[in-house]
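Working notes, structure below.
The values are calculated or read from the model by the stated rules, or taken from the named source; none is laboratory data. Just so we're clear, the structure is a prediction, and the values are computed from it rather than from any experiment. Every residue, glycine among them, receives a Cβ derived from its backbone with ideal geometry; neighbour counts consider all protein chains shown. Note: areas computed on protein heavy atoms with side chains; ligands, DNA, RNA excluded. Shrake-Rupley method; radii C 1.70, N 1.55, O 1.52, S 1.80 Å.
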Amino acid sequence: MSEKEFAQPDESLYSPNKKGPLGRAFAPVAGFGVTFSTLFRPAVTEQYLPHKPEQKTPPRPRYHGMHRLNRYADGLEKCIGCELCAWACPADAIYVEAASNHPGEQYSPGERYGRVYQINYLRCIFCSYCIQACPTRALTMSTEYEVADQTRESLIYEKQDLLVPLAQGMLSTPHPMAEGTTDANYYRGEITGPTQDQVDWVKQVRPDDPTVSSAQVSTVATKEAQN
């Protein structure tokens with residue numbers, strides 16, 4: 001083989017650019033170029049006034065703030081107590097304890113639900129690994145960011161602190177799943193609201209339940225039936 005095939009590449013392609021005497025003299029100052037360029041710009045101050053919510057600057061829509069445990073359209077909880085969020089948490093901030101669902105005590109579709117759910121905001125680093133691990137989209141992150149409090153105990157949020165309140169038309173748990181459906185129908189988002197059978201069951205078991213009168217009965221249980 002010829003010497004040309006083994007020739008080294010041109011040094012100008014990978015060697016650092018050599019500065020002249022003037023460049024070497026101003027090199028220490030050049031590193032502060034960004035700092036010096038911002039010294040004379042007007043300061044931007046975002047006002048934070050807890051007693052004036054109307055003056056707070058809203059965060060971005062995709063901001064990862066405090067967690068929320070979500071529900072299905074008929075009121076059942078989305079959390080199935082799989083504990084994947086707790087395993088995915090790098091700060092060990094989540095504790096989940098599951099329990100079994102029963103015919104007269106159905107809190108979520110399927111066999112299990114999250115009986116105990118805790119998030120320790122003293123440890124949470126808001127990395128969103130937990131919501132990525134959740135298979136049912138039960139755990140999401142809101143745009144709320146006011147987590148500070150007076151005591152350490154108040155920063156350990158329990159399930160009742162994280163679970164979203166019942167929306168208009170939902171039934172309070174426990175109650176049976178929509179008739180003729182499985183947990184797969186719930187996971188696919190096919191449940192549009194409580195059915196009449198669910199309302200009748202709650203009315204019989206808990207006649208004083210206030211959600212019975214406000215429940216918006218879905219004449220068609222699933223989206224597939226509408227088609």
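Would you be able to tell me the number of residues in the range 135-184 that are touching a Ser or Thr at 6+ places or on another chain (Cβ under 6 Å) and aromatic (Phe, Trp, Tyr)?
Result for the range 135-184: 0.
Right, GLY81: surrounded by fewer than 17 Cβ atoms within 10 Å (Cβ to Cβ), small (Gly, Ala, Ser), touching a strand residue (DSSP E or B) at 6+ places or on another chain (Cβ under 9 Å) and assigned to a loop (DSSP other than H, G, I, E, B) or not? First the steps, then the outcome.
Numbers: surrounded by fewer than 17 Cβ atoms within 10 Å (Cβ to Cβ): no; small (Gly, Ala, Ser): yes; touching a strand residue (DSSP E or B) at 6+ places or on another chain (Cβ under 9 Å): yes; assigned to a loop (DSSP other than H, G, I, E, B): yes.
Here the answer is no, as GLY81 does not meet what is asked.
If ARG137 meets every condition in (1) open to solvent by 90 Å² or more (accessible area, probe 1.4 Å); (2) closer than 30 Å to ARG188 by Cβ; (3) assigned to a loop (DSSP other than H, G, I, E, B); (4) in contact with an Asp or Glu (Cβ under 8 Å, 6 or more places away or on another chain) apart from one, which number is that one?
Every condition holds for ARG137 apart from (4).
Being free of Cβ contacts under 8 Å to residues at least 40 places away in the same chain, part of a loop (DSSP other than H, G, I, E, B) and farther than 30 Å from ASN101 by Cβ is the requirement here; does GLU46 meet it? Walk me through how you get there before you give the answer.
On the way: free of Cβ contacts under 8 Å to residues at least 40 places away in the same chain: yes; part of a loop (DSSP other than H, G, I, E, B): yes; farther than 30 Å from ASN101 by Cβ: yes.
For GLU46, the condition - free of Cβ contacts under 8 Å to residues at least 40 places away in the same chain, part of a loop (DSSP other than H, G, I, E, B) and farther than 30 Å from ASN101 by Cβ - is met.
Working only within the range 49-61, note down all residues that are under 20 Å from ASP149 (Cα atoms), free of Cβ contacts under 8 Å to residues at least 12 places away in the same chain and either loosely packed, with under 10 Cβ neighbours inside 10 Å or of a type in the set (S, T, N, Q) (or both).
Residues satisfying the conditions are LEU49, HIS51, LYS52, PRO53.
Being buried (at least 16 other Cβ atoms within 10 Å of the Cβ) and within 18 Å of CYS82 (Cβ to Cβ), is that true of even one residue in the range 143-156?
Within the range 143-156, the first condition is being buried (at least 16 other Cβ atoms within 10 Å of the Cβ), and the residues that meet it are 155-156.
Still in the running and within 18 Å of CYS82 (Cβ to Cβ): none.
Looking through the range 143-156, none of the residues is buried (at least 16 other Cβ atoms within 10 Å of the Cβ) and within 18 Å of CYS82 (Cβ to Cβ).
Out of the range 19-48, which residues are among the aliphatic types (A, V, I, L, M), open to solvent by 100 Å² or more (accessible area, probe 1.4 Å) and under 30 Å from THR143 (Cα atoms)?
Let us first name the residues in the range 19-48 that are among the aliphatic types (A, V, I, L, M), namely 22, 25, 27, 29-30, 34, 39, 43-44.
Next, from what is left, pick out any that are open to solvent by 100 Å² or more (accessible area, probe 1.4 Å): 22, 34, 39, 44.
Within the range 19-48, just VAL44 meets the criteria.
For the range 91-120, what are the residues that are open to solvent by less than 20 Å² (accessible area, probe 1.4 Å) and closer than 30 Å to GLN150 by Cβ?
Matches in the range 91-120: ALA93, ILE94, VAL96, GLY114, TYR117, ILE119.
Taking ARG206, is it in contact with a helix residue (DSSP H, G or I) (Cβ under 8 Å, 6 or more places away or on another chain) and among the charged types (D, E, K, R)?
Values: in contact with a helix residue (DSSP H, G or I) (Cβ under 8 Å, 6 or more places away or on another chain): yes; among the charged types (D, E, K, R): yes.
Against the criterion (in contact with a helix residue (DSSP H, G or I) (Cβ under 8 Å, 6 or more places away or on another chain) and among the charged types (D, E, K, R)), ARG206 qualifies.
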